[in-house]
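Report on one structure; see the data block that follows.
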Amino acid sequence: SAGEEAGEEAAAGWVRSRALGGGRVGYVRIGQFTERGTAELTAELQRLRSSGADRLVLDLRNNPGGQVTEALAQASLLLLDSDAGADATVAYTVDAAGRVERHTAGAILHAAANDAAADGRAIADGRAAADAAADAAGGRGGGGAGGGGS
């Protein structure tokens with residue numbers, strides 16, 4: 001399996017990663033969608049990208065789910081490097097009146113930054129949010145998944 005292929009593995013708790021294919025491919029396993037997992041994912045994406053990974057294999061096997069807001073934030077981190085960047089669509093929601101709302105990567109990370117600020121944590125959107133999330137995961141570096149805020 002991809003998990004047994006040669007490469008340096010980092011196990012951070014909820015997120016595990018390793019470089020595959022000579023370092024060009026990053027394998028990322030997300031165990032559950034939690035605040036800590038979002039911080040760990042941010043740090044692992046930075047580590048993989050700084051080691052030369054330009055493609056990702058995302059492994060969600062046996063992931064029982066978790067916090068919806070964290071699942072959206074983690075998807076946003078992964079989509080920031082897409083061609084759409086901060087404007088990448090992460091999800092649509094429909095309210096009881098049938099109104100559809102589009103949620104973009106930039107808007108989700110901006111909302112996460114506002115929530116963090118309300119909780120007394122200083123986080124800005126985009127790359128700075130990724131830096132702060134990495135710091136929260138143990139100061140393993142920043143830089144994030146790229147892109148800017150909304």
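The values are calculated or read from the model by the stated rules, or taken from the named source; none is laboratory data. Since the structure is predicted, the reported quantities are computational estimates derived from the model, not experimental observations. Every residue, glycine among them, receives a Cβ derived from its backbone with ideal geometry; neighbour counts consider all protein chains shown. Protein only, heavy atoms only, side chains kept; ligands, DNA and RNA dropped before computing areas. Shrake-Rupley method; radii C 1.70, N 1.55, O 1.52, S 1.80 Å.
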Problem set entry | Hey, ARG49 open to solvent by 30 Å² or more (accessible area, probe 1.4 Å), under 14 Å from SER17 (Cβ atoms) and basic (Lys, Arg) or not | yes
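If I filter the range 39-48 for residues that are farther than 14 Å from VAL15 by Cα and in contact with a helix residue (DSSP H, G or I) (Cβ under 9 Å, 6 or more places away or on another chain), do I get at least one hit?
Here is the first cut: in the range 39-48, the residues farther than 14 Å from VAL15 by Cα are none.
Among the residues of the range 39-48, not one is farther than 14 Å from VAL15 by Cα and in contact with a helix residue (DSSP H, G or I) (Cβ under 9 Å, 6 or more places away or on another chain), which makes the answer no.
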Seminar exercise, completed: Screening ALA118, ALA97, ALA122 for residues that are open to solvent by 50 Å² or more (accessible area, probe 1.4 Å), over 15 Å from the mean Cα position of the chain (by Cα) and modelled with pLDDT of 95 or more leaves only ALA97
For this session: List every residue pair whose Cβ atoms sit under 6 Å apart, with the two residues 6 or more apart in sequence or on different chains, where the first one lies in the range 67-91 and is on the phi < 0 side of the Ramachandran plot and open to solvent by 30 Å² or more (accessible area, probe 1.4 Å) and the second, anywhere, is modelled with pLDDT of 90 or more and assigned to a loop (DSSP other than H, G, I, E, B).
Result: LEU79/ALA88; SER82/ALA88
